[in-house]
Amino acid sequence: MRTRYFSILLLLCLSTGLFAQSAYQPTEANLKAREEFRDNKFGIFLHWGLYAMLATGEWTMTNNNLNYKEYAKLAGGFYPSKFDADKWVAQIKASGAKYICFTSRHHEGFSMWDTKFSDFNVVKDTPFARDIVGELAAACARQGIKLHLYYSHADWSREDYPRGRTGRGTGRPNPKGDWASYYRFMNNQLTELLTNYGPIGAIWFDGVWDQDQNPGFDWQLPEQYALIHRLQPSCLVGNNHHHAPNPGEDIQIFERDLPGENKAGYSGQEVSQLPLETCETMNGMWGYKITDQNYKSTKTLIHYLVRAAGKNANLLMNIGPQPDGNLPETAVRRMKEMGEWMAVYGETIYGTRGGLVAPHDWGVTTRKGDKLYVHILNLEDRSLFLPLTQKVKRASLFKDKSPVKMTKTKTGLLLDFPEVPKEIDYVVELTLE
Ligand code: JFZ
């Protein structure tokens, strides 16, 4: 009887992944890196690869069923003459972002660094012949900003990658691929990235969803994650799989939606206790798209960042660099304007955690030490009620520290303003007792 109970328990544990969960114990260094990640709040995502030359986004290869051997010829013309890693990093730092996440290899399969494990890379296969990841890593180190690396699990060019839901029309023979070979290849590449380029803040995986329709497909993620943590214990593992986090992951990623929301259709998964990050595009596409000038306004971008912070999440805002190596002018301007705002209000964002009042349409709250910052983004009244039961010592306008009238009620706190808040973000600073 006892053994039967035990085996049922064992089965339950195995099936819920409990055992696997307890197998991963993040190191002290990793836990510290997670908190630093939370404190950083804002990163810039860069999608750059051969697809930039086609200027229709990073999915063109599969969307247009481009043959992988034809596609590979793009490399022979890749010469981004304006590329200057230090200039990029300076432009990005001006936004107030604290990290850069760069596509080391996207689904097209082209490696943006000097890899020994595939000739389809920026050094061996292009006239440019410069190690872009290497130059970016050096510039980041020089200018004191963290580098994260996006790494695609899916690959539309490699013959050993088992055929998935996308990239079916790229002409690769052998739909079965050779999983053992592909898995070894990925781990070799990850080892290179985590050995030759200094500290990497995170590996940002994407593409496991490509095998969603192959039941039983095993990505062997736990071993891959363990490899990363062995090489760099403070490197955070994140995976854009659109599910609740797996064991071995250090951050939870959301795509185009804030945690708990699902307008884009990629979310709906539960929100975990891990550090959260949500990625969004500055225009409508991740990779460079020449016809897409539909950039979000600076106000919209700041609101996105503030709302993310209020939900305890980081914002990873994307830019698709041009084929000439420059960042699009509008993106650079938006970053500069966000940075001007952050220079004043960064105190209410960096190092904060989601506040004591739940996010609302009017705005959100962020918290740091004894301060609660009330970010009013969209209010049509001259007063705001906060269902806040903590004792508040003082209320003032963050910008000039002028007092804000507050009235305690039975159920919370009522704030009164001289006029309806009109600013991008009207920040009231509450000092808690
Ligand atoms: C993924 C990538 O495919 C995309 O190119 C970009 O890198 C973004 C940040 O992440 O977005 C997805 C992921 C999954 C699907 C679509 C887009 N999907 O399941 O169809």
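The values are calculated or read from the model by the stated rules, or taken from the named source; none is laboratory data. No experiment lies behind these values; they were computed from the predicted model shown. In this analysis, Cβ positions are derived from the backbone assuming ideal geometry, glycine residues included, and neighbour counts consider all displayed protein chains.
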*Name every residue in the range 207-259 that is basic (K, R) and more than 14 Å from the ligand (Cβ to nearest atom), in order of residue number.*
R230
*In the range 79-109, residue farthest from R158 (Cα to Cα) [restricted to those that are buried (at least 24 other Cβ atoms within 10 Å of the Cβ) and among the polar types (S, T, N, Q)]*: S95
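For (1) within 15 Å of the ligand (Cβ to nearest atom); (2) in contact with a helix residue (DSSP H, G or I) (Cβ under 7 Å, 6 or more places away or on another chain), each residue gets a yes or a no:
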| site | (1), (2) |
| --- | --- |
| Y79 | no, no |
| I100 | yes, yes |
| E108 | yes, yes |
| D114 | no, yes |
| V122 | no, yes |
*Residues V427, V420: which one is among the aliphatic types (A, V, I, L, M) and surrounded by fewer than 17 Cβ atoms within 10 Å (Cβ to Cβ)?*
V420
*Output the number of the condition that L274 fails; it satisfies all remaining conditions of (1) hydrophobic (A, V, I, L, M, F, W, C); (2) without any contact (Cβ under 8 Å) to a residue 40 or more places away in the chain; (3) more than 16 Å from the ligand (Cβ to nearest atom).*
(2)
*Considering each residue of the range 274-299, count those that are within 17 Å of I251 (Cα to Cα) and not in a strand (DSSP E or B), and give that number.*
2
_Residue check, K73 touching a residue at least 60 places away in the same chain (Cβ under 8 Å), assigned to a helix (DSSP H, G or I) and either under 23 Å from L149 (Cβ atoms) or not small (G, A, S) (or both)_ = no
*Could you figure out which of (1) away from the ligand (no atom under 16 Å from the Cβ); (2) in contact (Cβ under 8 Å) with a residue 12 or more places away in the chain; (3) in contact with an Asp or Glu (Cβ under 7 Å, 6 or more places away or on another chain) isn't true of I132?*
(3)
*Answer yes or no: is there a residue in the range 43-52 that is in the same structural domain as D292 (by TED's automatic domain parsing), over 22 Å from the mean Cα position of the chain (by Cα), assigned to a helix (DSSP H, G or I) and at pLDDT 95 or above.*
no
*Tally of residues being part of a loop (DSSP other than H, G, I, E, B) and either more than 25 Å from A137 (Cβ to Cβ) or more than 21 Å from the chain's Cα centre (by Cα) (or both) across the range 170-224*: 18
